[in-house]
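Note sheet for the following structure.
The values are calculated or read from the model by the stated rules, or taken from the named source; none is laboratory data. Note that the structure is a prediction, hence the values are computed from the model and not measured. No Cβ is skipped: glycine too gets one built from the backbone with ideal geometry, and neighbour counts run over all protein chains shown.
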Amino acid sequence: MTTTERAFGKAVQRLEDPRFISGQGRFTDNLSQPGMAHMVVVRSPYAHANIVGIDASGALEMPGVVGVYSGREMADAGFGAMPCAWVVPDSDTKTPAYPPVAIDQVRFVGDAVAMVIAETEAQARDAAYAVDVTYETLGVVVNAREATGEGAPLVHDDVPNNLCFHWTVSGGEVEAAFEQADVVVGETIINQRLIPNAMEPRAVLARWDSAMGEVTLWTTSQIPHITRFLLSLTTPVPEHKIRVIAPDVGGGFGSKLAHYPEENMSVFVARQLGRPVKWTETRSENYLGTIHGRDHIADVEIAAKSDGTILGLRSQTWANLGAYLSTASTGVPTILHGLMLSGAYNIPAIHEDVYGVFTNTTPVSAYRGAGRPEATFMVERMVELLARELSMDPVDLRRKNLIEPFTDGHEVATGLIYDTGNYEPALDQALEMFGYEEARQQQAEARAKGRLVGIGVTTYAEICGLGPSEVAGAVGFGGGLWESAIVRFHPSGKVQLMVGVSPHGQGEETTFAQIVADQLGVLVEDVDVVHSDTSLTPMGWGSYGSRTTPVASGAIMGAVEQLKDKGTKIAAHLLEAAEEDVEFHDGVFSVRGSREEGKTIQDIALAANTAWSMPDGVEPGFEASSFFDPSNFVYPFGTHIAQVEVDPETGEIDFQRYVAVDDCGPIINPMIVEGQIHGGIVQGVGQALWEGAHYDDQGNLMTGSMMNYAIPKAEFLPKFELGKTETPTPVNPLGVKGVGETGTIASTPTVYDAVMDALAPLGITKVDMPLIPERVWRAINEAQGGGN
Amino acid sequence: MEISIKINGKSYEGDVEPRTLLVDFIREDAGLTGTNVGCDTSQCGSCTVHMNGSAAKSCTVLAVQADGASITTIEGLATNGELHAMQQAFTEKHGLQCGFCTPGMIMAAVKLVESHPDIEEDDIRHGLEGNLCRCTGYENIVRAVAEGSRQFDPHSPWETEPAEHKITLREAERRARERSRT
């Protein structure tokens, strides 16, 4: 019998957990194929150099070596350059060739130079060291702003000033706003480069089936369908002969939403050798060869009236794109960034110039939040500085400028139309949970004793649930942004749900099963969610931009509704009743008032699958397929508050409290939503306090391993206090918004502002992130007039 | 070099190079892929196993050093098909998302609570400093380990340390610092 308890909204235990807690995760590196060889990639030790020669003769003589291949050989075999799949219109974007393996020139430390294939990984690695590459070094640029300057070395000869694009967003009367302002505050804001650090390094396993002319590629990807499409454009293998499988993927955070060179390399090698080949990156290799995030420098100004009413915001922003354009590079610092500069506020005039710049560094693309954390940090920072300039409480200033509640769309100056929002209740709830007034009093008492206690508040709104395909096309995204689902009942009444999205740790194998269970009255554990295999699932555009649930749930609901309709027809036929007299409730189709004689959905599934007696005009089988293209993006929002205390002697930050109130609409599984928020907060706090990728002026990554890149640890963090409000969106049938990135978007400015608030009595307004003790101590020391 | 390592009660013989890491022996020679490799500098702890009764990062041990040792991996933690209390606690408290760090995290947590049965939240956070997770923000891992410690069966087949070791980690460190001063 079916459950009568609603599965929607319950903290259902995750269906994916049993395999992970017992060591049976199906991660790509855990897979092997008979006759499999191993690939190791020879990478450039120079940030910019001509390749004069590659001598593989020594490597080829080493034990177990099967082959060594160059980029030239790959190109000759018909393998093309890596595509940039998002070219923002009206920005004069330059898309220089990005060969999967460098042919004439290397452009960053870690750029692929050759592929070494051997029987074991150790043999391939030994041989990789024996590949003798002769380089002629060239000039190097690493800083985006400097790279556009006169005389800077060119990363690509055909891209003057290293300027990939100049994109502009403008809304309202910006010049007038600044002329009329009582107060203008300016600041240079650096969103430093971050390394995503999904715990699972990237890996690929390619198998070539020469009899069928087909390739199967297992890959650590958030976008198997896009990868299949792009592989078909860049390799000689047509799309219907490519199967891409992303088995269990150990976190992505955007770092696995690129189509990567190693995917093409492994297909090339497997086809060349006629045997399967696997490549798994080391963590140090991941730091060089997997995309980085953020890396913006922005000169920002905010204009306001003396009463705190914000009149305008403008910025000149330099976005470091690295040496080549990754799959989604150009959309991140533009569409996902500039359009969100209104944040949660009424800002009538906004202007941003974004300069996308090539440098001799690892390609930069989407990392959790992707453009929105940078925008939110800029806006929140400027609001904070304005509050200080006007001697206003930062909460009062925010409240004054918050967008009023809206249920039917709200257009901001950048042209976006937010779906729904009600920002003040989230702010009020967070203030109450935090005990804001009392905390400010305690802060005043602590300050009186010379203690540096600080409180930071962020009221944010973000854009996610990407998005309407029409908008995708209009903003240059090289694909659609709809989603798909097939709900299939087997004769026994068990259900398979095939989706086009690719969850990689978020828990949709559970939440999607909850949706189906809730709608169709079956048990959650009777629903198996199939995803991330292009041969088993319908086309879909992948998991990123907190789109998986808001978009795919629309397709699931579409399929579910079809099955309810079809089930009603079949039940009416079997019950010899009129269709309009049959109702469906908790998994039972019955004539109104006689539920006991009704047919369970499992009965109907069996009847439809056997098809012994079907109503006229109804096809056999109990399966439905649906596609869903949302009418708008979704805009979650909320308020986060943090408290810190800074040790004036050491610059160390004691991270004491964190309150987060988020609104992502109706919640399918509160346990999973809280987990997403927790994880998101910590990645954002990591940017504020500990994380930062640093290059020397020769393009060497100085933070090249986990030894010198500080990933947050459990002991760095306080217990989080979470609250919620629920404002549904009309954009999808369930009213749900995304929640994967909210924590990251909100927490960086929240914690940063808390530290700046702590340092306020010393007159300090800025310390570049990450706020490591040394930097904080130097700022304190300087403010106190001390020497070094 | 010929070695023999007992993993989850079963002996695995192998002819390995001196440089072969224990984790590679476990994953490739024994075919037990539940133990993951997340880094190459011994920071992440994904590869944590139990070696002769203690938690060890299997990427920092050479296979030849483990010759004759008794190893337990995540695959060997359940007994007679029953999940270990810590495995159960991780799913109940949502202490995992992508699941990649999870085996190492669970193996480290088992040893942590085994020697500190009444461990407090702060000490759990401190005790997990050798294990990185990028998904959960640790909040639910800490809850899971606390839950796992409450459910921990003292009669489990895993080694427990003598009672005098049952002090908080910070206390242990404090005593160690004192000893080093004198």
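Within the range A:571-590, residues that are at positive phi have Cβ atoms under 7 Å from residues that are modelled with pLDDT of 95 or more in these pairs: A:D586/A:G521; A:G587/A:L520; A:G587/A:G521; A:G587/A:V522; A:G587/A:T600; A:G587/A:I601, counting only partners at least 6 apart in sequence or on another chain.
Elements of the type strands (runs of 3 or more DSSP E) sitting completely within the range A:620-681 and holding at least 1 residues that are buried (at least 23 other Cβ atoms within 10 Å of the Cβ), in the same structural domain as A:V412 (by TED's automatic domain parsing) and touching a helix residue (DSSP H, G or I) at 6+ places or on another chain (Cβ under 8 Å): these cover A:637-646, A:653-663.
Filtering the range A:447-483 to residues that are of a type in the set (S, T, Y) and under 20 Å from the mean Cα position of the chain (by Cα) leaves A:Y460, A:S469.
Each residue in the range A:111-143 was checked for being of a type in the set (S, T, Y) and either at pLDDT below 95 or part of a loop (DSSP other than H, G, I, E, B) (or both), and 1 pass.
When the range A:1-57 is filtered for residues that are touching a strand residue (DSSP E or B) at 6+ places or on another chain (Cβ under 7 Å) and in a helix (DSSP H, G or I), the ones remaining, listed by number, are A:T28, A:D29.
For the range A:228-250, name all the residues that are part of a loop (DSSP other than H, G, I, E, B), more than 14 Å from chain B (Cβ to nearest Cβ) and either under 24 Å from the mean Cα position of the chain (by Cα) or of a type in the set (V, I, T) (or both). Talk me through it step by step, then tell me what you get.
So in the range A:228-250, the residues part of a loop (DSSP other than H, G, I, E, B) come out as A:235-238, A:246-247, A:249-250.
Filter again for more than 14 Å from chain B (Cβ to nearest Cβ), leaving A:235-238.
If the condition is that a residue be part of a loop (DSSP other than H, G, I, E, B), more than 14 Å from chain B (Cβ to nearest Cβ) and either under 24 Å from the mean Cα position of the chain (by Cα) or of a type in the set (V, I, T) (or both), then A:T235, A:V237 are the ones that fit.
When the range A:721-759 is filtered for residues that are β-branched (V, I, T) and farther than 29 Å from A:A555 by Cβ, the ones remaining, listed by number, are A:T748, A:T750, A:V751, A:V755.
Take the conditions within 19 Å of the chain's Cα centre (by Cα) and more than 14 Å from every other protein chain (Cβ to nearest Cβ) and apply them to A:V551. Does it pass? So A:V551 passes the test.
Pairs meeting the criteria (first residue in the range A:400-417 and more than 18 Å from A:A304 (Cα to Cα), second residue of a type in the set (D, E) and modelled with pLDDT of 95 or more, beta carbons under 6 Å, at least 6 apart or on different chains) are A:I417/A:E411. Assessment of the range A:501-513 against the conditions (at pLDDT 95 or above and over 23 Å from A:P18 (Cα atoms)) yields no matching residue.
Taking the range B:127-178 as the range and being assigned to a loop (DSSP other than H, G, I, E, B) and either facing chain A (nearest Cβ under 8 Å) or modelled with pLDDT of 85 or more (or both) as the test, the residues that pass are B:L128, B:E129, B:G130, B:N131, B:L132, B:C133, B:R134, B:C135, B:T136, B:G137, B:Y138.
Restricting the search to the range A:263-294, which residues are touching a Lys or Arg at 6+ places or on another chain (Cβ under 8 Å) and either within 14 Å of chain B (Cβ to nearest Cβ) or within 22 Å of A:S44 (Cα to Cα) (or both)? Show your work before the answer.
At the first step, the residues of the range A:263-294 found to be touching a Lys or Arg at 6+ places or on another chain (Cβ under 8 Å) are A:266, A:270, A:276, A:280-281, A:285-286, A:288-290, A:292-294.
A:S266, A:T280, A:E281, A:E285, A:N286, A:L288, A:G289, A:T290, A:H292, A:G293 - these are the residues of the range A:263-294 that are touching a Lys or Arg at 6+ places or on another chain (Cβ under 8 Å) and either within 14 Å of chain B (Cβ to nearest Cβ) or within 22 Å of A:S44 (Cα to Cα) (or both).
Taken over the range A:731-788, residues that are farther than 20 Å from A:F655 by Cβ, of a type in the set (D, E) and not in a helix (DSSP H, G or I) amount to 1. Of the residues contained in the range B:107-126, none is found to be assigned to a helix (DSSP H, G or I), buried (at least 24 other Cβ atoms within 10 Å of the Cβ), at the interface with chain A (Cβ under 7 Å from one of its Cβ atoms) and modelled with pLDDT of 95 or more. Mind checking which residues of the range A:602-630 are among the polar types (S, T, N, Q) and more than 38 Å from the chain's Cα centre (by Cα)? A:Q602, A:N609, A:T610, A:S613, listed by residue number.
Selection of the range B:60-83 for residues being part of a loop (DSSP other than H, G, I, E, B) and within 9 Å of another protein chain (Cβ to nearest Cβ) yields B:T73, B:L77, B:A78, B:L83.
One line per residue, one yes/no per condition, for (1) surrounded by fewer than 24 Cβ atoms within 10 Å (Cβ to Cβ); (2) touching a helix residue (DSSP H, G or I) at 6+ places or on another chain (Cβ under 9 Å); (3) in the same structural domain as A:S44 (by TED's automatic domain parsing); (4) among the aliphatic types (A, V, I, L, M):
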residue	(1), (2), (3), (4)
A:S210	yes, yes, yes, no
A:V215	yes, yes, yes, yes
A:L233	yes, yes, yes, yes
A:P236	yes, yes, yes, no
A:V249	no, yes, yes, yes
A:G252	no, no, yes, no
A:S255	no, yes, yes, no
A:E262	no, yes, yes, no
A:Q272	yes, yes, yes, no
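Would you check if there is a residue in the range A:89-99 being under 25 Å from A:I189 (Cα atoms) and surrounded by 17 or more Cβ atoms within 10 Å (Cβ to Cβ)? Within the range A:89-99 (the criterion being under 25 Å from A:I189 (Cα atoms) and surrounded by 17 or more Cβ atoms within 10 Å (Cβ to Cβ)), the answer is yes, since at least one residue qualifies.
Residue-level analysis places B:Q97 outside the set of residues that are crowded, with 21+ Cβ neighbours inside 10 Å, part of a helix (DSSP H, G or I) and at the interface with chain A (Cβ under 9 Å from one of its Cβ atoms).
The set of residues from the range A:710-730 being assigned to a loop (DSSP other than H, G, I, E, B) and basic (K, R) comprises A:K713, A:K719.
Residue-wise test of (1) within 29 Å of A:G704 (Cβ to Cβ); (2) without any contact (Cβ under 8 Å) to a residue 60 or more places away in the chain.
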{"position": "B:R27", "(1), (2)": "yes, yes"}
{"position": "B:G68", "(1), (2)": "no, no"}
{"position": "B:G81", "(1), (2)": "no, yes"}
{"position": "B:Q97", "(1), (2)": "yes, yes"}
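The condition (being of a type in the set (D, E, K, R) and either under 30 Å from A:P45 (Cα atoms) or crowded, with 21+ Cβ neighbours inside 10 Å (or both)) is satisfied by just one residue among A:E726, A:E741, A:E721, A:E715: A:E741.
When each of A:D76, A:D55, A:D17 is tested for being surrounded by 22 or more Cβ atoms within 10 Å (Cβ to Cβ) and of a type in the set (D, E), the lone residue that passes is A:D17. Considering (1) more than 21 Å from A:G322 (Cβ to Cβ); (2) under 24 Å from the mean Cα position of the chain (by Cα), the lone condition that A:V87 does not fulfil carries the number (1).
The helices (runs of 4 or more DSSP H) found wholly in the range A:435-532 and carrying at least 3 residues that are in the same structural domain as A:Q602 (by TED's automatic domain parsing) and surrounded by 24 or more Cβ atoms within 10 Å (Cβ to Cβ) occupy A:508-520.
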